Amino acid sequence: MNNNKTLENMLWIFIPNIAKMISNRKGISLKKADEFIYKSSIYKKLENKDSKMWYYSDETLADFFINEYEKNELYGV
């Protein structure tokens, strides 16, 4: 199987769980959390198989996304 397709399939599996964590921890809708994930720089890194970010746990990845989300809030992005 194509490595890129395998990574894409993996992302489809754990992104919903991460979106739920972000939604719960930040008090935002699941839809807003999901939209943020797919627009974030963290997600772009996750899509790059060479970054190996997909090795991190869901909780750690949620922390990365939340840190980026909070910076965006701080700077009004």
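The values are calculated or read from the model by the stated rules, or taken from the named source; none is laboratory data. Note that the coordinates shown come from a computational prediction; the quantities given were computed from them, not determined experimentally. Cβ atoms come from the backbone with ideal geometry, glycine included; neighbour counts cover every protein chain shown.
General remarks:
- Number of the condition not met by Leu30 [criteria: (1) under 14 Å from Pro16 (Cα atoms); (2) surrounded by 14 or more Cβ atoms within 10 Å (Cβ to Cβ); (3) among the aliphatic types (A, V, I, L, M)]: (2)
- Filter result for Ile22 (hydrophobic (A, V, I, L, M, F, W, C), at pLDDT 95 or above and surrounded by 12 or more Cβ atoms within 10 Å (Cβ to Cβ)): yes
Yes/no per residue for (1) of a type in the set (Ser, Thr, Tyr); (2) under 15 Å from Leu11 (Cβ atoms); (3) assigned to a helix (DSSP H, G or I); (4) without any contact (Cβ under 8 Å) to a residue 12 or more places away in the chain:
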residue: Lys32; (1), (2), (3), (4): no, no, yes, yes
residue: Ile42; (1), (2), (3), (4): no, yes, yes, no
residue: Asp63; (1), (2), (3), (4): no, no, yes, yes
residue: Ile66; (1), (2), (3), (4): no, no, yes, no
